[in-house]
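The structure appears below as structure tokens.
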Amino acid sequence: MNKNYEPPIHWNDYEDIAMALYEKFGDDFSESKIYRVRFTELLEWILSLPNFEGKREEANEGHLEQIQAAWVYEWRDNQD
């Protein structure tokens, strides 16, 4: 699929962000590793995702917690 036609991702698109992080890191991050990622690192990774259009100043701890949890669920879904 051509990445140019994917819709923009924003802070509330937790599942989309989680899928993008899983595509980027795959199984390099297990559940326990995902939960140990510092929010400062997670923020940088999210901001660097293709099609992510949220702004750094719009980020908050709640968003990052939701994204982290969604990433864990995405990782679990891919372990079968």
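The values are calculated or read from the model by the stated rules, or taken from the named source; none is laboratory data. The structure displayed is predicted, hence computed values, not measured ones. Cβ sites come from the backbone with ideal geometry, for glycine too, and all protein chains shown count toward neighbours. Areas reflect the complete protein model, heavy atoms only, side chains present, ligands, DNA and RNA absent. Shrake-Rupley method; radii C 1.70, N 1.55, O 1.52, S 1.80 Å.
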* Tell me, in nm to one decimal, what length is gained between Leu43 and Asp80 on full extension, where the rule is 0.36 nm per residue of separation less the Cα-Cα distance? -> 10.5 nm
* With +1 on each Lys and Arg Cβ and -1 on each Asp and Glu Cβ, how big is the dipole of the chain about its Cα centre, in debye rounded to the nearest 20? -> 240 debye
* To do: Read through the labelled values (1) 5.2; (2) 4.7; (3) 8.8 and report the label of the one computed as mean projected area of the Cα convex hull in nm² from the structure.
  => (1)
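Suppose all protein chains stay in the model; what accessible area per residue would a 1.4 Å probe give for the chain, in Å²? Before the final figure, lay out the partial values.
Details: 5280 Å² over 80 residues.
Normalised by residue count, the accessible surface of the chain is 66 Å².
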* Structure fact -> Whole-percent carbon and sulfur contribution to the accessible surface of the chain (1.4 Å, no ligands, DNA or RNA) stands at 46 percent
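Ranking request for peptides 67-73, 9-15, 34-40: highest mean number of other beta-carbon atoms within 10 Å first, then the rest in descending order.
Top to bottom by mean Cβ count within 10 Å: 67-73, 9-15, 34-40.
Could you work out the helix-only [θ] at 222 nm for the chain, with each DSSP H run of four or more residues adding -39,500 (n - 2.57) and the total divided by the number of residues, to the nearest 500 deg cm²/dmol? List each step's numbers first, then the result.
On the way: 4 runs with 44 residues, N = 80.
For the chain, the value works out to -16500 deg cm²/dmol.
Between Asn51 and Asp28, what FRET efficiency follows from the Cβ-Cβ distance if R0 is 25 Å, with the result rounded to 0.05? Please report the intermediate quantities before stating the final value.
Working: r = 21 Å, r/R0 = 0.86.
Step by step, r from the Cβ atoms, then E = 0.70.
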